[in-house]
Amino acid sequence: MAFTSQRDATPRDIAIGLLARREYSRAELAQRLKKKSFDDAAIDECLDALVEQGLQSDARFAASFVRSRILRGQGVIRIKGELRQRGIDQETLATAFEEVEGGEQVDWFELARETLARRFDSPGETPKSALGVNVFSPVAASILNKFATRSPVCNTFSPAYTIPPLTFLVAL
């Protein structure tokens, strides 16, 4: 439906246009519609109708979001945090993870190993450039020291290169 201006559009028209591009959580849609100066009652009515018609679903959004973030190599904590920021409740979040982990058989350790190998595929000229970071706090340096010396993830680096102790970074 073509409009002469955005002012002629209803909350439903705006929401459908957004949902045509990608899935949105209810909270994201509400936020977008509020920016367009629609009143809260009209927004709630519109979103309720979209849910009833199956055009918007927080469960579908959460499952899609989890799948896309797994493909990016992101971990559980980050994905859950981003879903919470997008207004997804704990129950829907847990259901989405169960659905995706069951269907895709996600091995989080293997995902972390692959992501580490992809992001840090070469040792670099200096220990800092090998890690791809500029500055560490003392806490981060100690955690990375423990991780580097005790985890098989470090086997993703070439055998000729070993990760040096990160204690020198504490002085930064």
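The values are calculated or read from the model by the stated rules, or taken from the named source; none is laboratory data. Just so it is clear, the model here is predicted, and its values are computed rather than measured. Please note: Cβ atoms are built from the backbone with ideal geometry, for glycine as well, and neighbour counts cover all protein chains shown.
Laid out as a table, the results:
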| quantity | calculated |
| --- | --- |
| Enumeration of residues in segment 43-88 that are over 30 Å from Asp107 (Cβ atoms), touching a Ser or Thr at 6+ places or on another chain (Cβ under 8 Å) and of a type in the set (A, V, I, L, M) | Val51 |
| Tally of residues being in contact with a helix residue (DSSP H, G or I) (Cβ under 9 Å, 6 or more places away or on another chain), at pLDDT 80 or above and not basic (Lys, Arg) across segment 110-130 | 5 |
| Yes/no for Thr115 being without any contact (Cβ under 8 Å) to a residue 40 or more places away in the chain and either of a type in the set (S, T, N, Q) or surrounded by 14 or more Cβ atoms within 10 Å (Cβ to Cβ) (or both) | no |
| Test: residue in segment 30-51 that is assigned to a loop (DSSP other than H, G, I, E, B), within 23 Å of Ala20 (Cα to Cα), out of contact with any helix residue (DSSP H, G or I) (no Cβ under 7 Å at 6 or more places or on another chain) and of a type outside the set (A, V, I, L, M, F, W, C) | yes |
| Subset of segment 7-29 that is assigned to a helix (DSSP H, G or I) and of a type in the set (Val, Ile, Thr) - its residue that is farthest from Phe61 (Cα to Cα) | Ile14 |
| Every residue from segment 44-90 that is among the acidic types (Asp, Glu) and under 12 Å from Arg26 (Cβ atoms) | Asp44, Asp48, Asp58, Asp89 |
| Index of the failed condition, Gly87 passing every other in (1) among the small types (Gly, Ala, Ser); (2) loosely packed, with under 15 Cβ neighbours inside 10 Å; (3) in a loop (DSSP other than H, G, I, E, B) | (2) |
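For (1) surrounded by 14 or more Cβ atoms within 10 Å (Cβ to Cβ); (2) touching a residue at least 12 places away in the same chain (Cβ under 8 Å); (3) within 30 Å of Gly103 (Cα to Cα), each residue gets a yes or a no:
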residue	(1), (2), (3)
Ile14	yes, yes, no
Glu23	yes, yes, yes
Ala27	yes, yes, yes
Arg32	yes, yes, no
Phe38	yes, yes, no
Ala42	no, yes, no
Gly54	no, no, yes
Asp58	yes, yes, yes
Phe65	yes, yes, yes
